[in-house]
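Colleague: Take this structure first; my questions come after.
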Amino acid sequence: MEKKVFIKTFGCQMNEYDSNRIYDSVKKIGFKKTEKHDDASCYILNTCHIRDKAKEKVYHEVGRVKKLYNNKNKPIMIIAGCVAQAENEEMLKREPYIDIVIGPQSYHKINKVLKNFTKKEKKEETDFDTIKKFEYFDKIKNTNNKISSFLTIQEGCDKFCHFCVVPFTRGPEYSRPFNKIMNEAEELIKNGVKEITLIGQNVNAYSYEKNQKIYRISNLINELEKFSELERIRYTTSHPRDMTDDLIDCYSTSKKLAPFLHLPIQSGSNKILKLMNRKHTVEDYINIYEKLKKINPLIEFSSDFIISYPGETEQDFHETIELIKKVKFINSYSFIFSSRPGTKAAKLELIDDEISKDRLIKTQNILFSNQIKMNKSFENKSIDVLVENKIDGQNKLFGRNKYLNSVIFQGDKKNIGKIIKVKIESCNKNSLFGKIEDNKMRAA
Ligand code: SAM
Ligand code: SF4
């Protein structure tokens, strides 16, 4: 029987990158990637543990796969990602349909585990072997050829914000060797990638030492800049404490670094930031904002907000709203605090549900109104769009501007991979709509 693998990916960009690398790995032992949910011989759920009922969602998904394969051969069922790490062998005990549980720092073992798999023997791999994992993947070509691709430079976190599971599921901070990252970037660019987003849970904490020289994310950006075929550089997710001056300087020296920074702050109240163990203040954040705006007033910000963190008063919430009004984030993520097992905040008393929902709605109303205002400001203007793909079943193209807005327009697929001018005619909260600017008209 032909060996086919399907991966369903949840959560952050790190998981998306990992899923692609898992495909690259299992290809070596004969597995072909399938886009269909229902004809795989190996079905992988790459899971996320960051919020709410993550574990229950995974069991629910497994139930769905079970039904899907009811009249077919059962696929080898693998749970990967952060829920796998957090729950480990518990999952094998609770759900017999699951065959293999593998954590994010053990993916280098996936081929071995699959080759040795027998139906009678379930397997759990959840060690933190980050160095070995990257050494293994450094030897496997990255075949990703999406116009805009992620490249992991750093993993894990040593900051231990009191609400967050990442330090427990991804392990301690680790920065990949500078030359290995550049080799992989070169592979991606040869594959046709035009935009690289450097990723890590604390991407700007990247720090790699060789021959007494310390390489930071600024060095990576400067080196990437030299690839003439590469059009744009981004990075995510960064922490305010690691926004050092060398990185801030890149916004004046780099021509390819997008003028858009996703920099989570979580709350506009210093009291709450302290309770969260964030290790930065609102003033630190505003200082970064002002430095960047001074370099280039067109730089825009987005952020993450946790609403109703235990202890948040009306006054603390008001300070968050005031911050949003000041910084005018152009797009952001906001969620009610979700108690995560094993974290310091897990035992704290939750804020009333109705109050939390009300605060979330108020937050999102103002975030969305900023977003709409920004999108409207593009109407009747011609903007640069990096064309990423054709939209399935439609004669339309999809691309993004510098600020990561989705742009949808009619056009020929010969434009894919190019930066072209699109005249924006209308917008909604999430997307801009327009048409390719007519060169002849522009000249006239
Ligand atoms: N490392 C980044 C930072 O420190 O800003 C964030 C990475 S975290 C994986 C992504 C986002 O998930 C956080 O910025 C936070 O807003 C959100 N998050 C994490 N734990 C959460 C929790 N327990 N409840 C609600 N949101 C949470
Ligand atoms: Fe989680 Fe980010 Fe805090 Fe690390 S710095 S614990 S990844 S929120």
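Colleague: If only one of 114, 92 is aliphatic (A, V, I, L, M), touching an Asp or Glu at 6+ places or on another chain (Cβ under 7 Å) and surrounded by 15 or more Cβ atoms within 10 Å (Cβ to Cβ), which one is it? Spell out the reasoning first.
Modeller: Numbers: 114 fails: touching an Asp or Glu at 6+ places or on another chain (Cβ under 7 Å).
The match here is 92.
Colleague: Do the conditions hold for residue 398, that is, is it under 25 Å from residue 235 (Cα atoms), modelled with pLDDT of 95 or more and in a strand (DSSP E or B)? Outline the logic, then answer.
Modeller: Numbers: under 25 Å from residue 235 (Cα atoms): yes; modelled with pLDDT of 95 or more: yes; in a strand (DSSP E or B): yes.
Spelling it out, residue 398 is indeed under 25 Å from residue 235 (Cα atoms), modelled with pLDDT of 95 or more and in a strand (DSSP E or B).
Colleague: Right, something else. Do any residues in the stretch 200-212 that are at negative phi and of a type in the set (Phe, Trp, Tyr) have Cβ atoms under 9 Å from those of residues that are within 11 Å of ligand 2 (Cβ to nearest atom) and assigned to a helix (DSSP H, G or I), where the two are at least six apart or on different chains, and which pairs are they?
Modeller: These pairs meet every condition: 206/242.
Colleague: When you scan the stretch 190-222, how many residues do you find that are of a type in the set (Lys, Arg) and within 16 Å of ligand 2 (Cβ to nearest atom)? Give the derivation first.
Modeller: Quick first cut of the stretch 190-222, residues of a type in the set (Lys, Arg) only: 190, 194, 210, 213, 216.
Now drop any that are not within 16 Å of ligand 2 (Cβ to nearest atom), which leaves none.
Counting residues in the stretch 190-222 that are of a type in the set (Lys, Arg) and within 16 Å of ligand 2 (Cβ to nearest atom) gives 0.
Colleague: How many residues are surrounded by 17 or more Cβ atoms within 10 Å (Cβ to Cβ) and more than 18 Å from residue 187 (Cβ to Cβ) if we restrict to the stretch 129-161?
Modeller: 8
Colleague: Looking only at residues that are surrounded by fewer than 17 Cβ atoms within 10 Å (Cβ to Cβ) and within 23 Å of residue 277 (Cβ to Cβ) in the stretch 237-264, which one is farthest from ligand 1 (Cβ to nearest atom)? So that I can check it myself, show each step before the final result.
Modeller: Here is the first cut: in the stretch 237-264, the residues surrounded by fewer than 17 Cβ atoms within 10 Å (Cβ to Cβ) are 241, 244-246, 248-249, 252-255, 259.
Checking which are within 23 Å of residue 277 (Cβ to Cβ) leaves us with 241, 244.
Values: 241: 9, 244: 16 Å.
The selected residue is 244.
Colleague: Which residues, counting only those in the stretch 129-165, are within 16 Å of ligand 1 (Cβ to nearest atom), in a loop (DSSP other than H, G, I, E, B) and β-branched (Val, Ile, Thr)?
Modeller: Filtering the stretch 129-165 for residues within 16 Å of ligand 1 (Cβ to nearest atom) gives 150, 152-165.
Imposing the further condition that a residue be in a loop (DSSP other than H, G, I, E, B) reduces the set to 153, 156-165.
Selection gives 153, 165.
Colleague: Then there's this: Quick one: in the stretch 192-202, of everything that is within 16 Å of ligand 1 (Cβ to nearest atom) and assigned to a loop (DSSP other than H, G, I, E, B), which residue is surrounded by the most Cβ atoms within 10 Å (Cβ to Cβ)?
Modeller: The extreme case among them is 200.
Colleague: Out of 59, 69, which single residue is free of Cβ contacts under 8 Å to residues at least 40 places away in the same chain and either more than 28 Å from residue 164 (Cα to Cα) or within 16 Å of ligand 2 (Cβ to nearest atom) (or both)?
Modeller: On the way: 59 fails: either more than 28 Å from residue 164 (Cα to Cα) or within 16 Å of ligand 2 (Cβ to nearest atom) (or both).
Residue meeting the stated conditions: 69.
Every residue, every condition in (1) within 24 Å of residue 405 (Cβ to Cβ); (2) in a strand (DSSP E or B), yes or no:
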| site | (1), (2) |
| --- | --- |
| 215 | no, yes |
| 230 | yes, no |
| 233 | yes, yes |
| 246 | no, no |
| 249 | no, no |
| 261 | yes, yes |
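Colleague: Let me spell it out: the conditions are (1) polar (S, T, N, Q); (2) within 20 Å of the chain's Cα centre (by Cα); (3) within 30 Å of residue 418 (Cα to Cα), and residue 266 meets all of them except one. Which number is the exception?
Modeller: Among (1) polar (S, T, N, Q); (2) within 20 Å of the chain's Cα centre (by Cα); (3) within 30 Å of residue 418 (Cα to Cα), residue 266 violates only (3).
Colleague: Continuing with the same structure: Of the conditions (1) in a strand (DSSP E or B); (2) closer than 30 Å to residue 322 by Cβ; (3) basic (Lys, Arg), residue 423 clears all except one; give me its number.
Modeller: Here residue 423 clears every test but (2).
Colleague: Additional query: What is the one condition in (1) aromatic (Phe, Trp, Tyr); (2) at pLDDT 95 or above; (3) within 14 Å of ligand 1 (Cβ to nearest atom) that residue 168 does not satisfy?
Modeller: Against the list (1) aromatic (Phe, Trp, Tyr); (2) at pLDDT 95 or above; (3) within 14 Å of ligand 1 (Cβ to nearest atom), residue 168 comes up short only on (2).
Colleague: Give just the number: which of (1) touching a residue at least 60 places away in the same chain (Cβ under 8 Å); (2) within 13 Å of residue 80 (Cβ to Cβ); (3) not in a helix (DSSP H, G or I) does residue 15 not satisfy?
Modeller: (3)
Colleague: Does residue 430 fit the bill of being buried (at least 19 other Cβ atoms within 10 Å of the Cβ) and under 26 Å from the mean Cα position of the chain (by Cα)?
Modeller: Values: buried (at least 19 other Cβ atoms within 10 Å of the Cβ): no; under 26 Å from the mean Cα position of the chain (by Cα): yes.
When the stated conditions are applied, residue 430 does not pass them.
Colleague: Can I ask one more? Need the failing condition index for residue 71 against (1) modelled with pLDDT under 95; (2) within 30 Å of residue 191 (Cβ to Cβ), just the number.
Modeller: For residue 71, the failing item is (2).
Colleague: Would you mind stating whether residue 405 is under 30 Å from residue 290 (Cβ atoms), modelled with pLDDT under 95 and in contact with a helix residue (DSSP H, G or I) (Cβ under 7 Å, 6 or more places away or on another chain)?
Modeller: Here the answer is no, as residue 405 does not meet what is asked.
Colleague: Could you check, for the stretch 316-338, whether at least one of its residues is farther than 19 Å from residue 358 by Cβ, within 11 Å of ligand 1 (Cβ to nearest atom) and within 24 Å of the chain's Cα centre (by Cα)? Steps first, please.
Modeller: Narrowing the stretch 316-338 to residues farther than 19 Å from residue 358 by Cβ: 326-331.
Applying the additional criterion that residues be within 11 Å of ligand 1 (Cβ to nearest atom) yields none.
Within the stretch 316-338 (the criterion being farther than 19 Å from residue 358 by Cβ, within 11 Å of ligand 1 (Cβ to nearest atom) and within 24 Å of the chain's Cα centre (by Cα)), the answer is no, since none of the residues qualifies.
Colleague: Continuing with the same structure: On the basis of being of a type in the set (Gly, Ala, Ser) and crowded, with 22+ Cβ neighbours inside 10 Å, does residue 205 make the cut? Walk me through how you get there before you give the answer.
Modeller: Values: of a type in the set (Gly, Ala, Ser): yes; crowded, with 22+ Cβ neighbours inside 10 Å: no.
For residue 205, the condition - of a type in the set (Gly, Ala, Ser) and crowded, with 22+ Cβ neighbours inside 10 Å - is not met.
Colleague: Looking only at the stretch 37-96, how many residues end up being farther than 16 Å from residue 5 by Cα, of a type outside the set (Val, Ile, Thr) and not in a helix (DSSP H, G or I)?
Modeller: Result for the stretch 37-96: 10.
Colleague: Among the listed residues 180, 159, identify the single one that is within 16 Å of ligand 2 (Cβ to nearest atom), charged (D, E, K, R) and modelled with pLDDT of 95 or more.
Modeller: Numbers: 180 fails: within 16 Å of ligand 2 (Cβ to nearest atom).
Answer to the check: 159.
Colleague: Do any helices (runs of 4 or more DSSP H) lying entirely in the stretch 265-367 carry at least 3 residues that are surrounded by 19 or more Cβ atoms within 10 Å (Cβ to Cβ) and within 15 Å of ligand 2 (Cβ to nearest atom), and which ones are they?
Modeller: Numbers: elements: 270-276, 282-295, 314-327.
In the stretch 265-367, 270-276 are the helices (runs of 4 or more DSSP H) which contain 3 or more residues that are surrounded by 19 or more Cβ atoms within 10 Å (Cβ to Cβ) and within 15 Å of ligand 2 (Cβ to nearest atom).
The values are calculated or read from the model by the stated rules, or taken from the named source; none is laboratory data. This is a predicted model, so every value here is computed, not measured. Backbone-built Cβ (ideal geometry, glycine too); neighbour counts: all protein chains shown.
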